[in-house]
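Novice: Have a look at this one.
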Amino acid sequence: MTTAATFHVRSVRLGDATVSEQTLQATSETALRQTLAGQGLTVLSVKAAKARASHAAAGGRGRYALFCREVGTLIQAGMTLVEAVDTLSARERLAGRHDSLAAQLLQRLQQGTALSQALASMPGAPAVLVAAVRAGERTSDLAQALNDYLKFDTLVEQLRRKVVSASIYPALVTTLGVGISLFLLLVVMPNFARMYTNLRGAAGGATSWMIGLSQWVSEHQAATLAAVGLTLLALAWWVWRGTARRQVMALAQRLPWMRRRIDDFQLAMMYQALALMLKGGYPLTEALAVASRSALDARLSQALQQALGRIAQGSAVAPALADAGLCDEVGRRLMAAAERNGQFHLAADVVSRLHGERFELFVERLTRIVEPVLLMAVALMVGTIVVMMYLPVFDMATRLK
């Protein structure tokens, strides 16, 4: 399976002079250009993003969410948009931060640029946020649009925190087990090796193997410590660069039951973004185009583009989404009901919650399975080392008798 790569894209829409900068995922630059062209965008440049971009994007989401929360609060308190952004910018200047998000947006707003266009020109601005603000500008209810985006961001962060919280305990258990094992191998074993020097020739089986390992560690302790240190540094680099996440995700995508749960995570965000756009007055096709840039990987994004093409040609929404694998039977029936009553945003919100709850249930069940398995694995690893260290002691006691 082809792994999706991350690209920094600068594009412009015909009839709109504002240059938009986005961070998108695609299987290749050619596929990304074709997707953007299908959305009516003229691509100015495409650059492959470094692995660290994922960390920057995560930090950027938090920055934009905080900005939306503060601006929405000030607007509801009676300030105009420019006054609210100016207030936040003044606070940042007093704190010694002169190039903050509020300061950059204030400069554009004072030049007469709409907030949606100002956000679109900012690197790393979420496409869903830009679309929500644009919808708020259409309906003259910017505070509500910001609140709607915060609901979307809350869902995303809630699902992410669920994964992080579930992984903390297994990570601690694994780290503790590996640490104890290294201590036994690097500190305790060399001391035992000196006791077993005279037993080397006569011992056999596991005892002989353990004595040999103890003596080797004792003789090459510096090299062993250096190898362990380099291994830990390589592991930290592997995780920090984001390679670990990509490879784990690629492996998970090859397992059908894991792929379905990952799809639930992405579809929960997609349908929540779709509900936000539809509530803001976007046409369904345009809302689907924005939702496709919310959090979908290349496979689901391509499936949504195919469904969008069918819908644009007059196909019913529910069959198009179902045939593309973007909703199950419950979701299909909800979207079919929305086609009759026109309440697409309510149906999309319900489908989003269904996928989100399914993903949360999966994480809880997986945590309950993984935690005892890890405890048993760590106990077996440490216990095996301890038992094998003391086997020669028993052998020596037998010889003394």
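None of the figures in this text is laboratory data; all of them are computed from the coordinates on show. Nothing here was measured: the structure is a model prediction, and the numbers come from that model. Neighbour counts run over all protein chains shown; Cβ positions are idealised from the backbone, glycine included.
Novice: What spacing in nm lies between the two simple spin-label points modelled at residue 238 and residue 167, each 7 Å away from Cα in the Cβ direction?
Specialist: 1.4 nm
Novice: To the nearest 0.05, what FRET efficiency results for residue 226 and residue 357 with a Förster distance of 51 Å applied to their C-beta separation?
Specialist: 0.55
Novice: Here is a follow-up. Of 387, 363, 326, which is farthest on the positive side of the dipole of segment 255-401, counting Cα position, with +1 on Lys and Arg Cβ, -1 on Asp and Glu Cβ, and the Cα centre as origin?
Specialist: Checked the options; the winner is 387.
Novice: Given Cβ point charges of +1 (Lys, Arg) and -1 (Asp, Glu) and nothing else, what value in debye, to the nearest 20, does the dipole of the chain about its Cα centre take?
Specialist: 800 debye
Novice: At 20 °C and a viscosity of 1.002 mPa s, what translational diffusion coefficient does Stokes-Einstein give for segment 115-177, taking Rh as the Kirkwood radius over Cα pairs? Give it in µm²/s as a whole number.
Specialist: D = 155 µm²/s.
Novice: Hey, another quick one. Quick one: what do you get for the chain if you divide its Cα Rg by 2.2 N^0.38 Å?
Specialist: Here the answer is 1.31, to two decimals.
Novice: Give the angle, between 0 and 90 degrees and rounded to the nearest 10, that separates the Cα long axis of helix 205-219 from the longest principal axis of the Cα atoms of the chain.
Specialist: 70 degrees
Novice: Here is a further query. Any chance you could give the angle, 0 to 90 degrees and rounded to 10, that helix 221-240 forms with the longest Cα principal axis of the chain?
Specialist: The angle comes out near 10 degrees.
Novice: Now for a different question. Report the FRET efficiency, 1/(1 + (r/R0)^6), for residue 83 and residue 157, where r is their Cβ-Cβ distance and R0 is 30 Å, rounded to 0.05.
Specialist: 0.60
Novice: Something else: When ranked by the protection proxy of mean other Cβ atoms within 10 Å per residue, highest first, what sequence do the peptides 237-250, 338-351 form?
Specialist: Top of the packing list down: 338-351, 237-250.
Novice: Determine ³J(HN,Hα), in whole Hz, for all residues of segment 321-337 in sequence, where each value follows from phi through the Karplus function 6.51 cos²θ - 1.76 cosθ + 1.60 and θ = phi - 60°; x replaces Gly and Pro.
Specialist: Result, ordered by residue: 5, 5, 5, 7, x, 9, 7, 8, 5, 5, x, 4, 5, 5, 5, 5, 5 Hz.
Novice: Here's another thing I want to ask about it. Along Cα→Cβ, 7 Å out, is where each label goes; now give me the distance between the ones at residue 139 and residue 213 in nm to one decimal.
Specialist: If labels sit at residue 139 and residue 213, their model points lie 6.5 nm apart.
Novice: Give me the number: length gained by fully extending residue 310 to residue 174, i.e. 0.36 nm times residue separation minus the C-alpha to C-alpha distance, one decimal in nm.
Specialist: Additional length available on full extension: 44.1 nm.
Novice: Which whole-angstrom value gives the distance between the alpha carbon centres of segment 215-257 and segment 262-305?
Specialist: 36 Å
Novice: Let me ask something additional. Could you give me the radius of gyration and the Dmax of segment 261-401, taking only the C-alpha atoms into account and expressing both in angstrom?
Specialist: 25.8, 91
Novice: Sticking with this structure for a sec: Only helical DSSP H runs with n ≥ 4 go in: add -39500 (n - 2.57) per run for the chain, normalise by residue count and round the 222 nm mean residue ellipticity to 500 deg cm²/dmol.
Specialist: The per-residue figure over the chain is -25000 deg cm²/dmol.
Novice: Evaluate E = 1/(1 + (r/R0)^6) for residue 251 and residue 29, where r is the Cβ-Cβ distance and R0 equals 25 Å; express this FRET efficiency to the nearest 0.05.
Specialist: 0.50
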